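The values are calculated or read from the model by the stated rules, or taken from the named source; none is laboratory data. Values in this document were obtained by computation on a predicted structure and should not be read as measured data. The area values use the complete protein model at the heavy-atom level, side chains included, leaving out ligands, DNA and RNA. Shrake-Rupley method; radii C 1.70, N 1.55, O 1.52, S 1.80 Å.
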Amino acid sequence: MHALRHLSASEAINEGVDVYTLADLLGHEDPAFTLRRYVHRVTGAVEKARKAIGRRYRLAA
């Protein structure tokens with residue numbers, strides 16, 4: 001059961017669910033605990049972040 005919870009939480013982070021929402025869904029009082037427990041390096045995360053930031057700048061210009 002723990003493995004399924006861990007996988008679901010990790011996938012939620014990978015899909016962009018913010019840590020505060022995820023912590024609430026998991027019943028954690030402290031989002032820092034959620035970060036320590038469930039967040040791992042995501043393949044392609046740097047490029048995904050660059051694209052998201054670039055889109056915001058284009059929209060603001």
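Which residue fluctuates the most in the chain, going by a Gaussian network model with Cα springs under 10 Å, if the choices are Thr21, Thr43, Thr34?
Residue with maximal mean-square fluctuation among Thr21, Thr43, Thr34: Thr43.
Considering only protein heavy atoms and a 1.4 Å probe, what is the carbon-and-sulfur percentage of the accessible area of the chain?
Values: 2980 of 5130 Å².
Its accessible area is 58 percent carbon and sulfur atoms.
Compute the accessible area per residue over the chain, keeping the other protein chains in place, probe 1.4 Å, unit Å².
On the way: 5130 Å² over 61 residues.
Here the per-residue accessible area is 84 Å².
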